[in-house]
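Shown next, in C-alpha cells, is the structure this report addresses.
The values are calculated or read from the model by the stated rules, or taken from the named source; none is laboratory data. Nothing here was measured: the structure is a model prediction, and the numbers come from that model. All Cβ positions, even for glycine, are placed from backbone atoms using ideal geometry, and neighbour counts span all protein chains on display. These accessible areas exclude ligands, DNA and RNA; they are computed on the full protein's heavy atoms, side chains included. Shrake-Rupley method; radii C 1.70, N 1.55, O 1.52, S 1.80 Å.
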Amino acid sequence: MRLASMISAIVLTVPSLMVGQSAQNVSAKPEPLDAYLSCRYGAGLSVVSALRMQRDGLRYRDITTADGKKKVSIIDGYRLMLSQGEPSFFANLHIEKSDPRQYARDKDVVIKSLEYAMDARPGPKAFWDHMPYNGFDVYSVTDTTMGANGPHGIYVLFRDSTQTIVTIYFLGQKPEHRHFGTIQEHDAIVDKMIEDLTTCANAPPAAVTAGNLPPLRTPEDLDRFMNKYYLQPRPDRIADAMVMLTSSGVLQIPEAVGTITGFFSEVFLTNPSRLGGWQTVIDKQPGFAKSVLDSAVSWSKAGGVLQLPGQLPQMNDFYWGAFFASGNPLYVKKLLELAAFATKRDDFNVWMIGATAKWSLARNSRQHALVRSLLEEEKRTSDKLKEDLVDDILKRDPERMRQEMVDFRNKQIRSGKWK
C-alpha cells in the first residue's frame, strides 16, 4: 500500500500496527473455507488474487440448465485466481458454501448445469468424467484441444460433509504463456492441483495464535499486511490495526490518510456483522484516529468508497485503499476513468488527478497480477482511446512515466501556464 506524491517524488510507506495483547486475537479459529485459501499448490501454481464474498445473509446465484435458469444458494464464498507466473493464469476457482437445507438441490442443479454446458458447447464433444476422490464427489468437462487458446475445462468438486461446492474453470492460454508443452503435461498440472486442493480441505490449517502470526511491528510489516490484504483477508487483526493508528504515527503522514480511510471503509463494508464489535474499539481511539475511523464507518454505511461524489486527487488514495481491502475490480475501473484526465493539460488539478491515477495503475500493475489482468480485460473490451491508454500504462516504465510527469509540471510552471 505504498503511496507516492507525484510532485515531490517521495514514496511513502504506511507505518504498521503491532500485534495486540487483546484476548480476542490470541487464538483465532480458522473459518470453514480458509483451508482452500491458505493451500500451498505445487506445479508452480500460486494464488494471485482472492475475493471474499459478503457473508451476511443467504444469497443466490443464477445458473443455466437445459430446463432454464435455476438458483444456487450461497452463504459464504471465495473467488481465487491461480497462476504459474504472470501472465500465465491457469485456473479460476469459485469456492462456495451452500445453505445446508438446500445443498442437495444445489448439487443437482450444478450437475445439470455442467451437463448442459457440455451438450451446448459447439465443436468437438468434450470429455465427461465423474469419480469420488479424496472425500469429494468430482465431476468434470474437459476440452483437450491444444489450439491457439486452449485447453479448457470445468471441474466441480462437491464436499457433501461441509455442503461446499468448488467450481474450477481451467483457463485457455496462448502458447507463449503456457508452462506446458503437451496435453499430458497440462493434465499432470491439473491432477496435482486437485490433489493439493482436496488434501488441504481435509487437513485445514491449525488455529492461528499470536506466536505464529506474521509480525506487524514496523512500517514495512503493515505495508505488506494492507497491500495484499485482499489475497488473504484477516478481519481478526483489524481491531489491532485501528488501535495502532495513533501510536504508529501513520496519521501524521497526510498522504497516507486517504488510503487508510478507504481501506477501513471497505473492510467495514464487507464485514457488516463485525462492525458492532469494531465500533467499540473505534469509540476508544483518540482524536484524529477516531475521526478517520468515523469517516470510514460513515462511508461504509453509505455504500462505500464507490458512492463518494466528486473528482478530487484524493479519490486515487480512496480507491486504492478500498481495492487493497477487497480486490474489487470496480476500483481499478474507476482509477482507469480518472487516468484519462492525464490528457487534460489546461487545468492543473484535473491533470493531476489523471496523472496520479495513471502512474499508480502502472506501478501497481507490476506489483499485483490482479491489477494487470483487470487492465488487460479492459483493453480487450474498450474503445480505441481506452485501449491506447491501457497499452501505455502496461508498457511504459512507471519510473520514467513519473519523471515525465514531474518534468511536464515544471515546464508548465516555467511557461506561466500553471502556478
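Find how much the distance from GLN367 to ARG234 grows on full extension, using 0.36 nm per residue of separation minus their present alpha carbon separation; answer in nm with one decimal.
Answer, rounded to one decimal: 45.8 nm.
Past 26 Å, Cα to Cα, is the threshold; run LYS71/LYS192; LYS344/LYS419; LYS290/LYS333 against it and keep the listed order.
LYS71/LYS192; LYS290/LYS333, as the Cα separations exceed 26 Å there.
Please report the relative contact order for the chain, taking Cα pairs under 8 Å with a sequence separation of at least 6, and give it as a percent rounded to a whole number.
18
How far apart, in nm, are the 7 Å Cα→Cβ label points at ARG79 and ASP347?
Those two pseudo-labels are separated by 3.3 nm.
Cut-off under 27 Å on the C-alpha distance; same-chain residues fewer than 8 positions from LYS284 excluded. Which lysines are left, in chain and number order?
Excluding near neighbours in sequence, the set is LYS29, LYS301.
In whole percent, how big is the carbon plus sulfur part of the accessible area of the chain, probe 1.4 Å, protein atoms only?
The value for the chain is 54 percent carbon and sulfur by accessible area.
Which distance in Å, rounded to a whole number, links the C-alpha centroids of region 335-406 and region 160-178?
Cα centroid to Cα centroid, the span is 30 Å.
Once you've got the Cα coordinates, tell me which of LYS70/LYS97; LYS69/LYS97; LYS97/LYS334 are over 27 Å apart.
Checking Cα-Cα distances, LYS97/LYS334 exceed 27 Å.
Using only the heavy atoms of the protein chains and a 1.4 Å probe, how would GLU176, GLU399 rank by accessible area, largest first?
GLU176, GLU399
Averaged per residue, what accessible surface does region 319-363 expose to a 1.4 Å probe, in Å²?
So region 319-363 comes to 34 Å² accessible per residue, rounded to a whole number.
Would you kindly state how much longer the chain becomes between LEU385 and SER38 on full extension, computed as 0.36 nm times their sequence separation minus their alpha carbon distance, in nm to one decimal?
Extra length available between LEU385 and SER38 comes to 120.9 nm.
Among GLY153, LEU80, GLY416, which residue has its Cα furthest toward the positive end of the charge dipole of the chain, with +1 on Lys/Arg Cβ and -1 on Asp/Glu Cβ?
Ranked along the dipole, the leading option is GLY416.
Hey, what number do you get for the chain at 222 nm if only DSSP H runs of n ≥ 4 count, each worth -39500 (n - 2.57), divided across all residues, to the nearest 500?
-14500 deg cm²/dmol
ARG396: net charge of surrounding residues, Cβ under 13 Å, Lys/Arg +1, Asp/Glu -1, itself excluded?
0
Check cross-link reach from LYS379 to the aspartates and glutamates: straight Cα distance under 16 Å, and skip same-chain residues fewer than eight apart.
The qualifying aspartates and glutamates are GLU337, GLU387, ASP388, ASP391, ASP392.
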